[in-house]
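Novice: Structure incoming, see below.
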2 protein chains.
Amino acid sequence: MFDTFRKYLEDKIALTDQDFELIESVSSFKKLRKRQYLLQEGDVCRFNAFVCRGFLRYYYVDHKGQEHIMQFAPENYWTGDRESMDSGLPSKYNVDAIEDSEILLLKKEDFELICNTVPAFNDFVNKTLKKNVLVLHERIHASLSLSAEEKYSNFISKYPSISNRVPLHMIASYLGISPETLSRVRSQSTKK
Amino acid sequence: MFDTFRKYLEDKIALTDQDFELIESVSSFKKLRKRQYLLQEGDVCRFNAFVCRGFLRYYYVDHKGQEHIMQFAPENYWTGDRESMDSGLPSKYNVDAIEDSEILLLKKEDFELICNTVPAFNDFVNKTLKKNVLVLHERIHASLSLSAEEKYSNFISKYPSISNRVPLHMIASYLGISPETLSRVRSQSTKK
DNA sequence: GATTGCTCTTGACAAATGTCAAGGGCTTTT
DNA sequence: AAAAGCCCTTGACATTTGTCAAGAGCAATC
């Protein structure tokens, strides 16, 4: 399972075998069945999670009981609640598996240890953070100016591999529209 | 004008006089009149901007000609289009002054120079980036699950100093609702 | 092969929000 | 003091989207 992560890192940055040994020595692994939680609302998030195989979602449940998906995390994506991890406070979010998955976990302290000992890794983390900001900007952009239909077509063109893999109602939840509206939007656009 | 920036930094990190000299030596300054652009759609963004005094907004104009505000930047905030700066491509965004303002500018290369020579500054930038991610998460959270009324009350409780300072139609634009809806929402909530 | 559960669709209706148009109250400019 | 320009509000109406309820199609499970 560590192999996937190693390949991912090798693709991005140049690390020595020693670096990899360090990283592997503090990595732990977890297999998740479909529908199994990695993090549950109320828990404190203590790990950075890297998806080696499978598919996770990061979501919350609002005061009306509705689920809202903040992030999809397929293979080679990071997930977890950084806010809870930094603050030590219980998370308002849930992370669970949409498919059977294999996850690599790095404890907060170990993650920081790696950042502090391996400069290239630290730079990489910050670069990833920057990219993340862009993705979030795009999402706010979409939520401010697109109609339901535009949100959907924007999503499938941007994330075709995700839209093929998750049920439609989850896409609706990610986009902030109801499953019924999504269904209608789809049937209208196929007519054209 | 550099004083404001110096105080801001001293409050956050410990820097030597030498560090400050370096930073000051590559800083430039700009005064903006109300309504003046700092960055205009189509320009390439070449600077990180720090607001010493005044108030800027970071926004775009959609295909229907409607403005959507991505960020408010009062004193002690950073602004600019990082995407355009990193890519070297023309910006899709505008930055202009809501009030007469004084801005400190750091060219991309100088900013990177400081990051590379002053580790504490670099760490601080990355910490700021992390906080920024949280703010963006909150905003997506709000856009996914709140009604117009809730968005507004959430905004004024989170950013009272901003809501006192900008016209209501800009708050509406930031929240992704029409000025009319905001007006109605406000009149309803004062009745209660 | 029946049952269960999940997913998606559809219809009828309700609610929220947007659009257009008008006007009033300010402030700034002339 | 008049004029112009913003900003905000309000009304009437249109449009978008949500809600509720029902059912059909599939796949997984027993």
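The values are calculated or read from the model by the stated rules, or taken from the named source; none is laboratory data. Quick caveat, the model's predicted, so the values are computed rather than measured. So basically every Cβ, Gly included, is an ideal-geometry build from the backbone, and we count neighbours across all protein chains shown.
Novice: If the Cβ limit is 6 Å and pairs must be 6+ apart or interchain, which residue in segment B:170-184 that is facing another protein chain (nearest Cβ under 10 Å) pairs with which residue that is within 7 Å of DNA strand C (Cβ to nearest atom) and modelled with pLDDT of 95 or more?
Specialist: As it stands, the answer is B:Ile177/B:Ala148, since those pairs meet every condition given.
Novice: Now for a different question. Just to be sure before I move on: is A:Arg35 within 16 Å of DNA strand D (Cβ to nearest atom) and not in a strand (DSSP E or B) in the structure I sent?
Specialist: Yes, satisfied.
Novice: A further question follows. Yes or no: segment B:106-124 includes at least one residue that is in a helix (DSSP H, G or I), within 16 Å of DNA strand D (Cβ to nearest atom) and touching a helix residue (DSSP H, G or I) at 6+ places or on another chain (Cβ under 7 Å).
Specialist: No: segment B:106-124 contains no residue that is in a helix (DSSP H, G or I), within 16 Å of DNA strand D (Cβ to nearest atom) and touching a helix residue (DSSP H, G or I) at 6+ places or on another chain (Cβ under 7 Å).
Novice: Moving on. Test B:Asn132 against the criterion of being more than 12 Å from DNA strand D (Cβ to nearest atom), over 23 Å from B:Glu67 (Cβ atoms) and either of a type outside the set (A, V, I, L, M) or within 11 Å of another protein chain (Cβ to nearest Cβ) (or both), and give yes or no.
Specialist: For B:Asn132, the condition - more than 12 Å from DNA strand D (Cβ to nearest atom), over 23 Å from B:Glu67 (Cβ atoms) and either of a type outside the set (A, V, I, L, M) or within 11 Å of another protein chain (Cβ to nearest Cβ) (or both) - is not met.
Novice: Moving on. Checking the condition at pLDDT below 95, within 16 Å of DNA strand D (Cβ to nearest atom) and either within 25 Å of A:Ile69 (Cα to Cα) or not acidic (Asp, Glu) (or both), which residue from B:Asn164, B:Asn94 passes?
Specialist: Just a single option satisfies the conditions, and that option is B:Asn164.
Novice: Look through B:Tyr159, B:Tyr152 and report the one residue that is away from chain A (no Cβ under 12 Å) and more than 16 Å from DNA strand C (Cβ to nearest atom).
Specialist: B:Tyr159
Novice: Further question: Taking segment B:78-95, which residues are buried (at least 16 other Cβ atoms within 10 Å of the Cβ) and either polar (S, T, N, Q) or touching a strand residue (DSSP E or B) at 6+ places or on another chain (Cβ under 6 Å) (or both)?
Specialist: Scanning segment B:78-95 gives B:Trp78, B:Thr79, B:Gly80, B:Ser84, B:Ser91, B:Tyr93, B:Asn94, B:Val95.
Novice: Just need a number here: residues in segment A:162-178 that are among the β-branched types (Val, Ile, Thr) and either over 18 Å from A:Lys34 (Cβ atoms) or away from DNA strand C (no atom under 12 Å from the Cβ) (or both).
Specialist: 2
Novice: Provide a single number: the residues in segment A:170-181 that are in a helix (DSSP H, G or I) and in contact with a Ser or Thr (Cβ under 9 Å, 6 or more places away or on another chain).
Specialist: Within segment A:170-181, residues that are in a helix (DSSP H, G or I) and in contact with a Ser or Thr (Cβ under 9 Å, 6 or more places away or on another chain) number 4.
Novice: Quick check on segment B:172-190. Is at least one of its residues within 13 Å of DNA strand D (Cβ to nearest atom), of a type outside the set (Gly, Ala, Ser) and at pLDDT below 95?
Specialist: For segment B:172-190, residues within 13 Å of DNA strand D (Cβ to nearest atom), of a type outside the set (Gly, Ala, Ser) and at pLDDT below 95: present.
Novice: Please pick out the residue among B:Val95, B:Val166 that is more than 13 Å from chain A (Cβ to nearest Cβ), part of a loop (DSSP other than H, G, I, E, B) and in contact (Cβ under 8 Å) with a residue 40 or more places away in the chain.
Specialist: Answer to the selection: B:Val166.
Novice: Please count how many residues of segment A:19-35 are buried (at least 17 other Cβ atoms within 10 Å of the Cβ), of a type in the set (A, V, I, L, M, F, W, C) and under 19 Å from A:Ser101 (Cα atoms).
Specialist: Of the residues in segment A:19-35, 1 are buried (at least 17 other Cβ atoms within 10 Å of the Cβ), of a type in the set (A, V, I, L, M, F, W, C) and under 19 Å from A:Ser101 (Cα atoms).
Novice: Let me ask something additional. Residues in segment B:50-64 that are within 11 Å of another protein chain (Cβ to nearest Cβ) and under 18 Å from B:Arg35 (Cβ atoms): how many?
Specialist: 4
Novice: Also: With (1) within 13 Å of chain A (Cβ to nearest Cβ); (2) away from DNA strand D (no atom under 11 Å from the Cβ) as the list, and B:Leu144 as the residue in question, which single condition is left unmet?
Specialist: With (1) within 13 Å of chain A (Cβ to nearest Cβ); (2) away from DNA strand D (no atom under 11 Å from the Cβ) applied to B:Leu144, the lone miss is (2).
Novice: Go through segment A:136-149 and give me each residue that's surrounded by 14 or more Cβ atoms within 10 Å (Cβ to Cβ) and in a helix (DSSP H, G or I).
Specialist: A:Leu136, A:His137, A:Arg139, A:Ile140, A:His141, A:Ala142, A:Ser143, A:Leu144, A:Ser145, A:Ala148, A:Glu149
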